[in-house]
Structure formats: C-alpha cells, structure tokens
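For reference, the structure discussed in these notes is given below.
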Amino acid sequence: MKKILLSIAAGLTAASYGETLTIDLPAALKLADERNTELAVQVQNVTQAELEKSAAWYQWVPTLRIGAGYAYQDGALQETSGSVIDAERNSRYLGMGSMTAPGLAFNLDFSEAVFAPLAAKQQLRAQQFSEESIRLQVMLDVAAAYYELVRATHEVEVTREAAGHAEALAKQTADFAASGQGLQADAERAEVESLIQQQKAEMVEERKHIASYHLARLLRLEPEVALIPAHHLITPLLLVDSDTELEDLVIQALEVRPEIGQYRAEAAAEQARLKQEKYGIFFPKLEVGYSYGNFGGGTGTGNDYDDGRSDLYGMLYWEFDSLGLRNRNRMKHHQAEMTKAKAQQEQAAADIAAEVRVAHTAFKSAARQIDLAKRAVDRARKSYELNSERIFENQGLPLEALQSIRALADAESLYLATAAKYNMAQLRLLSATGNELE
C-alpha cells in the first residue's frame, strides 16, 4: 500500500508539469477513496453528525459566565413601603456572572435530553450508511471510467491498424489500376475506405482523451493530467462465483446494502422526534442559576457597602408551545418524514433487487459472449490474411479485402466491448450485493 501511495504521489508531481500519469485500476480506486470530492463531502457530513450527537449530550453541562456589571440611577425611586423619594445611587458587581446573568446557568429540557440523543444517534448511522453507499457508487464509477479508458486506448490501436491495412490496400489497388491489372473504380473505393478508417481512428482518439478527462475528474486531478492505463488489453476476470443462485445474491444485497440501513435509520430518527413532540409536553423543564461575586453599592457616587454576594434560584415548569398547537404541527411533520423514509426504504429494496438481477443477467450473457467474440477475432484475422495474400497474387477482389479489414476491426472492437461488459457486470454485481471494490 505504501508503494502504491508513493507511486501515485510521484505520478501527480510529474503530472503537474504536464507529463502523463500511468495508472491501474487498484491505484485509481485508492486515489478515488482519498480524493473524490463527493466522497470527501460525505465524510464531512459524517463528522458533522458525530458532532451533533455529542452536542445532544452537552445540555447536561452548565454554562459558566465570568463578568462584571455597573448600574447607576438618578431620580425618583419607590421604597418597599410605597414612599417615593428622589435619590442617586450606584452599584457594581465583579465575579462569576453579572448583576443580571447567573454565573452558572443550567437549563434542561427533559424531553430534549431523552429523545434528542436517540435521534442524533440514528442520524449519525444514516450518514455513515450514506457514506458507504456513496463509496460503492464512486468506486463503481471509477472502475467504469478506467475500463472505458482501457477500451478506448486499445481501440485507438485497432483503428490505427485498420487504417494502415486500408491504406496499404488503397496503394496496392492504385498500383494495379495504373498498370492496367485492376480497375480504377476499385482503387477509388479502396481510397474511400482508407479515409473512413482514418476518420474512425481520429474519433476513437477523441474518445480516449474524453475518457482520460472523465477519470481525472473523478479522481480530482488537474485537467491537464493525461492518464494512461497500465494495461492496454481488457483481460476477462473471474470475480463472482458463477454457480451462486440469483435469489441468494438478492437476499444478500437486501441484508447488507447501506441504502436500506440509511433509510431505516432516518425513519428511526424521525420516530424519536415524533415521540418527543408527542410525549414531550409531559416532561418538565428545569432551570437553575447560581452566582457569586463581589458587590458594592451606595447612595450618591460612593460605594458605602462592599462585600461578597451569592445568588441562587431554581425553576421547574411545563411548557405548552402555542398551547400545544405547534407540538401537533411538528408531530404531523415528523410523521410525514417517517412515512417518506419508509417509502424510500421500500423503493431502495426494489431498486437493489432489480440492480442485482440486471448485473447478474449481464454477467451470464457476457460470459457466453466472451468465447464467441474471441473466436470471431481469430477468424477475422485469418480471413484478412488470406484475402491480403490473394490480392497480392492478383487472385482476389479488393472488395473482399475491404470487407475483411472491416470485419477484423469490428471483431476486435466487439471483443473489447464484451470483455469490458463481462468485468463491469461482475463489479456491478459485487457492488450491488454490498461488497467493496478493492
């Protein structure tokens, strides 16, 4: 792993100077895990959920205030007995708190203390499941982008080879036509085919650059980085046991896929908030305050009295927000959110089952096609070689050679597409059943 990271770092340094970066699939997956933006954002969402879970318990910790205060009054003042006098007075306070705010303040909503940590815990689980889900999708996207880059890179070679064959045939038929041994029409047709194959080669070259840019974007690399796949061929891999029953794969996916856990946790979080609104009115609120400091006061501009002072108060009360109407409104809101989360969970289960079946079908189909595609390439290459020999010996027709050139290029492209489909179907099946791609 250390060697992989060092090679990636060296490659990125080189790429920053406009050089190319050779990369294989394991390195691309590792790089995506470290640098992909969508995944990095979700990791921070999990961190925020962890902080919110901790904050749900912080209400048990009192608030501390250290401060000072000064008050001055000049004019009419009513005594406790009811007499109104004209007075000038002032006071000051220095210590834990101030004259109007307690030094230690403890405010506790028992319903919040009971239900908020439960909701925060479920919300954290939902974000963690979401991170797993995004990681699976990102890794699958990176694998698909890598195989597209490999496929496009090799198809550049295939089309360039076909263009070379077509160009050689065009020259040969032109020479035959010039010597009177062939038709000028055949020479023109061969030249057209040569130009068509050259255009195809340019189009595939464009595909290769686009595939490189797309993979670089997923890996959050600089736009000027030119990615080159470490492998120029797509070797069919055996990643999935072909004997595993489809229904067993579906059951496994429904048990471990993170989306199911995510929506279940979101529903549980909304259920905790619903219970808080439903039963919270029966839980009291507690408020306690304590202050201690030095107090000085007196008439006029002097402080005739100067000594320590302690203040303590406590309240226990029940609160009905808007006479309970807002509580009922919030209950309906959380009920709707819980229903929505359950509906999303059911839809996710249906989507996952369909995803497994599609990937399994593609895997089985591609497995049957691999051998056919390989045999087609072998036969197409042999056909091209035989037709080329006949043309050179002036025994075959240029049209037959043109057809063999096309057939060879098409067969090789088909094999690449089938091999990529075969590998990606297995990777999708692994991802669909909740297995991480490594």
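What the table below lists for this structure:
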{"quantity": "Residues satisfying the stated conditions in region 46-64, i.e. more than 10 Å from residue 124 (Cβ to Cβ), touching a residue at least 60 places away in the same chain (Cβ under 8 Å) and assigned to a helix (DSSP H, G or I)", "calculated": "55"}
{"quantity": "Filter result (modelled with pLDDT under 75 and hydroxyl-bearing (Ser, Thr, Tyr)) within region 385-438", "calculated": "388"}
{"quantity": "Filtered residue count, region 366-385, keeping only those that are in contact (Cβ under 8 Å) with a residue 60 or more places away in the chain and within 18 Å of residue 234 (Cβ to Cβ)", "calculated": "2"}
{"quantity": "Residue check for residue 336: assigned to a helix (DSSP H, G or I), aliphatic (A, V, I, L, M) and touching a residue at least 60 places away in the same chain (Cβ under 8 Å)", "calculated": "no"}
{"quantity": "Selection count where residues are under 24 Å from residue 110 (Cα atoms), in contact (Cβ under 8 Å) with a residue 60 or more places away in the chain and loosely packed, with under 14 Cβ neighbours inside 10 Å, scope region 285-324", "calculated": "1"}
{"quantity": "Index of the failed condition, residue 77 passing every other in (1) part of a strand (DSSP E or B); (2) touching a residue at least 40 places away in the same chain (Cβ under 8 Å)", "calculated": "(2)"}
{"quantity": "Residue in region 180-203 that is in a helix (DSSP H, G or I), of a type in the set (Ser, Thr, Tyr) and over 37 Å from the mean Cα position of the chain (by Cα) present", "calculated": "yes"}
{"quantity": "Selection count, region 225-250, where residues are in a loop (DSSP other than H, G, I, E, B) and surrounded by 16 or more Cβ atoms within 10 Å (Cβ to Cβ)", "calculated": "4"}
{"quantity": "Any pair with Cβ under 6 angstrom, 6 or more apart, that starts in region 118-138 at a residue that is over 17 Å from residue 40 (Cα atoms) and ends at one that is among the acidic types (Asp, Glu) and in a helix (DSSP H, G or I)", "calculated": "120/52"}
{"quantity": "Sole exception among (1) touching a strand residue (DSSP E or B) at 6+ places or on another chain (Cβ under 9 Å); (2) surrounded by 19 or more Cβ atoms within 10 Å (Cβ to Cβ); (3) more than 27 Å from residue 95 (Cβ to Cβ) for residue 253, by number", "calculated": "(1)"}
{"quantity": "Qualifying residue in region 123-130 (condition: aromatic (Phe, Trp, Tyr), part of a helix (DSSP H, G or I) and touching a Gly at 6+ places or on another chain (Cβ under 6 Å))", "calculated": "yes"}
{"quantity": "The listed residue being within 26 Å of residue 38 (Cβ to Cβ) and touching a helix residue (DSSP H, G or I) at 6+ places or on another chain (Cβ under 9 Å), out of 178, 230, 185", "calculated": "230"}
{"quantity": "Single match in 15, 32 (criterion: farther than 30 Å from residue 105 by Cβ, modelled with pLDDT under 90 and not aromatic (Phe, Trp, Tyr))", "calculated": "15"}
{"quantity": "Residue in region 149-161 that is aliphatic (A, V, I, L, M), farther than 21 Å from residue 22 by Cα, touching a residue at least 12 places away in the same chain (Cβ under 8 Å) and in a helix (DSSP H, G or I) present", "calculated": "no"}
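The values are calculated or read from the model by the stated rules, or taken from the named source; none is laboratory data. Predicted model, so just to flag it, every value in this text is computed and none were measured. Cβ atoms come from the backbone with ideal geometry, glycine included; neighbour counts cover every protein chain shown.
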